[in-house]
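The values are calculated or read from the model by the stated rules, or taken from the named source; none is laboratory data. Note that the structure is a prediction, hence the values are computed from the model and not measured. Cβ sites come from the backbone with ideal geometry, for glycine too, and all protein chains shown count toward neighbours. Areas reflect the complete protein model, heavy atoms only, side chains present, ligands, DNA and RNA absent. Shrake-Rupley method; radii C 1.70, N 1.55, O 1.52, S 1.80 Å.
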Amino acid sequence: MHNDTSTCSAGAHKVVSFGIPSYNAAADIDRCVTSILEGSDYASDIEIIIVDDGSHDETPQKADDWEARYPGIVRAIHQENGGHGMAVLAGLDAATGTYYKVVDSDDWLDADALATMLSILRGFEERDMRVDLFISNYVYEKVYEGTRTAINYRSALPRKRVFGWDEIGRFLPSQNLLMHSLCYRRDVLLEAHLPMPAHTFYVDNIYAYVPLPRCKTMYYADIDLYRYFIGREGQSVNEATMVKRLDQQFRITRIMMNSFRLYEDVAQSRLRTYMMGYFTMMMAICSVFSKLSDDPEAPKNLEDLWAELKAYDERMYRHARYGVIGIGTNLPSQLGEKTTIGLYHLAGKIFKFN
C-alpha cells in the first residue's frame with residue numbers, strides 16, 4: 001500500500017494533483033499518464049496519483065512501474081475495489097496539490113492545453129490569488145465513429161478573468177459543467193465532504209454539483225483540455241447499460257436532491273438556476289430510462305422518486321416536474337411514452353451525449 005505522502009511533500013510544492021481512478025486499466029493507463037507527463041514537461045510542481053481500485057489485470061504493476069520511473073511526480077495507491085467514487089476520494093485524500101483534477105484512466109489530456117492550464121494556475125499561486133474552480137473545455141473522442149465533439153462554455157462564462165456566479169450566463173443543455181471540465185481547489189473538495197457512494201456509477205454528477213456553492217471565484221480557459229474517450233460497448237454512457245443501471249441513476253439523483261434545498265441553500269440566483277437545470281436533467285434521465293426499462297417496478301420507483309422530491313422541496317419539485325423538460329419526459333399514456341423516448345433520442349443526436 002503506497003499511501004505515504006511524505007516522499008512527495010518533501011519535494012517541490014505541488015500546484016496541481018491529477019487523480020487517475022484505475023480499474024482494469026492496463027490497456028489505457030500508459031496513454032493517460034504519458035499525456036500528463038509530456039504535457040506538463042515532466043514538471044516537479046505537479047503530481048499524478050494512480051489509484052488502482054482492486055484491478056485484476058496488470059494495472060497494479062503498471063502503476064508501481066510509473067512510480068518507480070518518476071518518483072516525486074507519480075504515486076501509486078492500491079485499494080480494494082470500491083468503485084469510481086471511492087477511487088476519486090482516495091486520490092483526493094492522498095493529494096498534496098493546491099488544485100485537484102480527475103482524469104479517468106481511459107481518457108487523456110491535450111499537451112498544449114495542459115501547458116496553458118499550468119501556466120494559469122502557477123500565475124494564481126505567484127500572485128497569491130485564491131481561485132476556487134478552474135473550468136476548461138472537453139472533447140468527446142468517438143473513436144469508433146472517427147468523430148470528435150468539443151464542448152465549450154464561451155456563451156455562458158466570461159473569459160480570461162476571475163469571476164463569480166453573478167456574472168455567468170445561461171447554460172445550454174449540452175453545456176453542463178462535468179467532471180471533465182472541472183479542476184477544483186483541493187480544500188473546496190475536502191470541505192464539501194463529497195457524498196460518493198461505493199460501487200456506483202454516475203458519481204461524477206455528485207462531483208460536478210455538490211461543491212459548486214462553495215466556489216466563490218472561478219476562471220474559465222477556452223482550451224480543449226480533456227479528451228473523453230468513447231470507444232467501447234460496455235461504457236457507462238451506453239443507453240442499454242444505463243437502463244440496466246437505473247437503480248444507480250436513482251441513487252445518485254437522490255443524493256443530489258438531498259444535498260441542497262436549492263431555493264433556501266443557494267444564495268446566488270444564477271448558480272441556483274444552473275443547479276436547478278442540472279438537477280432537472282437528472283430527474284429527466286430517471287424518467288426516460290424508467291420508460292425504456294423492462295423492469296415492471298420501474299414506473300412505481302419513478303413515481304416514488306417524484307413523490308419524495310415533492311415532500312422534500314415543493315419548489316424544486318415544481319421546477320423539475322412542470323418545466324418544459326419535466327413535462328416532455330413525463331407525458332402520460334403509451335403515446336406519451338413513445339413521444340418522450342423519441343424526444344430523448346432526438347436530443348441525443350443533437351447534443352451528442354451518447
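Couple of notes before you dig in:
- Check on Arg130, among the charged types (D, E, K, R) and within 18 Å of Phe18 (Cβ to Cβ): no
- Counting only helices (runs of 4 or more DSSP H) that fall entirely inside the range 197-304 and contain at least 1 residues that are charged (D, E, K, R) and within 28 Å of Leu331 (Cβ to Cβ), the qualifying elements are 239-244, 246-259, 269-292.
- Scanning the range 338-349 for residues that are closer than 30 Å to Arg214 by Cβ and either part of a helix (DSSP H, G or I) or modelled with pLDDT of 95 or more (or both) turns up nothing.
- Hits in the range 98-114 - residues which are touching an Asp or Glu at 6+ places or on another chain (Cβ under 7 Å) and either among the hydrophobic types (A, V, I, L, M, F, W, C) or over 26 Å from Ser55 (Cα atoms) (or both): Thr98, Asp110, Ala111, Ala113
- Yes/no for Glu38 being in contact with a helix residue (DSSP H, G or I) (Cβ under 7 Å, 6 or more places away or on another chain), surrounded by fewer than 17 Cβ atoms within 10 Å (Cβ to Cβ) and on the phi < 0 side of the Ramachandran plot: yes
- Filtered residues of the range 314-327 (kept if in contact (Cβ under 8 Å) with a residue 40 or more places away in the chain, in a helix (DSSP H, G or I) and open to solvent by 20 Å² or more (accessible area, probe 1.4 Å)): Arg315, His319, Ile325
- Among the candidates Arg148, Arg159, Arg170, Arg154, the residue that is of a type outside the set (A, V, I, L, M, F, W, C), open to solvent by 70 Å² or more (accessible area, probe 1.4 Å) and assigned to a strand (DSSP E or B) is uniquely Arg148.
- Whichever residue in the range 93-109 is more than 17 Å from Leu178 (Cα to Cα) and open to solvent by 10 Å² or more (accessible area, probe 1.4 Å) and, among such residues, is farthest from the chain's Cα centre (by Cα): Thr96
Okay, residues lined up against (1) open to solvent by less than 20 Å² (accessible area, probe 1.4 Å); (2) free of Cβ contacts under 8 Å to residues at least 24 places away in the same chain; (3) farther than 22 Å from Tyr202 by Cα:
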| site | (1), (2), (3) |
| --- | --- |
| Ile49 | yes, no, no |
| Arg75 | yes, no, yes |
| Gly82 | yes, no, no |
| Thr116 | no, no, yes |
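- Residue list for the range 256-280, filter: modelled with pLDDT of 95 or more, under 19 Å from Glu303 (Cα atoms) and open to solvent by less than 40 Å² (accessible area, probe 1.4 Å): Met256, Met257, Phe279
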